[in-house]
Amino acid sequence: MCGLVALWMAGALLSLPKEVSLERIVQVALERGYTAQGEMFSAADMAKLATEVFPCQAELLSGGLEGHNHERILRHLSAGFPVLIPYDEDSNHEPCFRSGYKAHWAIASGALLGLKSGSQMPPCQEDTEISGLFHASPCVSIFPLDAVAETYLLSKQGKSCRYQLWNYIRVQESNAQLTDFSPKRAADGKVYIMPAGGVREGLCGKAVLLQPKAPDGSNPSE
């Protein structure tokens, strides 16, 4: 139930007026036919489920995590909102490349940016304990990508109680090669809900951006 657990964890970051239990999320997913065993092989269904269980807005990104979507994700994280990202999970929970056989969901809640030497520093405050680490002020939307040398995502997934820093390029590449359903799962005798087009259509190059609804129903990030 990694996707449903990731969605539940995302709810804790949305400042919702009322907590929604994991049991409720699972119940709705089963009732809507999004899942049979707790699996979520469709990012589109994940986005729909999020708006059904939370008073939130969900934006489905497609076409990969690079380029404009890279900037979109960083801007979303800098506003304090979570991102749900499917990827292949290695034994240490980090992204790997198994063609979708180890497809998993993680939640990203922040980013660590390494700036190129000589880049102009936006309004930031240096960490009191770690020299060279700066915290962006709330007024900073995001740094220009041409000033960023490296990007790491502050990520967490349901099998671990700890956050990890993942190299953005590795996450992007893991997300981009989600193409096939695990033969081991296919032969285990269980029923799984798979979208038309399979894992490639449901997860490859996809991510889900979540944010709470504004009181007037507008997009609070605009």
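The values are calculated or read from the model by the stated rules, or taken from the named source; none is laboratory data. Nothing here was measured: the structure is a model prediction, and the numbers come from that model. Backbone-built Cβ (ideal geometry, glycine too); neighbour counts: all protein chains shown.
I'm checking my understanding of the structure. Among residues of the range 116-130 that are of a type outside the set (D, E, K, R) and modelled with pLDDT of 85 or more, which one is farthest from T151 (Cα to Cα)?
Per the criteria, the residue is T128.
Here are some residues: G114, G63. Which one is assigned to a strand (DSSP E or B), touching a residue at least 24 places away in the same chain (Cβ under 8 Å) and over 13 Å from the mean Cα position of the chain (by Cα)?
Being assigned to a strand (DSSP E or B), touching a residue at least 24 places away in the same chain (Cβ under 8 Å) and over 13 Å from the mean Cα position of the chain (by Cα) holds for just one of G114, G63, which is G114.
Report, by residue number, each residue of the range 16-34 that is touching a residue at least 24 places away in the same chain (Cβ under 8 Å) and either assigned to a helix (DSSP H, G or I) or of a type in the set (D, E, K, R) (or both).
Passing the criteria: R24, I25, V26, V28, A29.
So which pairs qualify, if the first residue must be in the range 161-181 and farther than 22 Å from G114 by Cα, the second must be among the polar types (S, T, N, Q), the Cβ gap must be under 8 Å, and the two must be at least 6 apart or on different chains?
Here the result reads Q177/S99; L178/S99; T179/S99; D180/S99, each pair linking the range 161-181 to a residue that is among the polar types (S, T, N, Q).
How many residues does the range 159-207 contain that are within 15 Å of D90 (Cβ to Cβ) and either surrounded by 20 or more Cβ atoms within 10 Å (Cβ to Cβ) or at pLDDT 95 or above (or both)?
Result for the range 159-207: 12.
Which residues, counting only those in the range 46-74, are touching a Ser or Thr at 6+ places or on another chain (Cβ under 8 Å), within 17 Å of K213 (Cα to Cα) and not polar (S, T, N, Q)?
Matches in the range 46-74: A58 only.
Looking only at the range 37-59, decide whether some residue is hydroxyl-bearing (S, T, Y), farther than 15 Å from S109 by Cβ and modelled with pLDDT under 95.
Scanning the range 37-59, I find no residue that is hydroxyl-bearing (S, T, Y), farther than 15 Å from S109 by Cβ and modelled with pLDDT under 95, so the answer is no.
Suppose we filter the range 93-111 for residues that are surrounded by 22 or more Cβ atoms within 10 Å (Cβ to Cβ) and in a loop (DSSP other than H, G, I, E, B); how many remain?
1
Going by the structure shown, is L13 surrounded by fewer than 22 Cβ atoms within 10 Å (Cβ to Cβ) and not in a strand (DSSP E or B)?
yes
Among the residues of the range 35-53, write down those that are under 16 Å from the mean Cα position of the chain (by Cα) and either farther than 14 Å from G158 by Cβ or assigned to a helix (DSSP H, G or I) (or both).
Scanning the range 35-53 gives F41, S42, A43, A44, D45, M46, A47, K48, L49, A50, T51.
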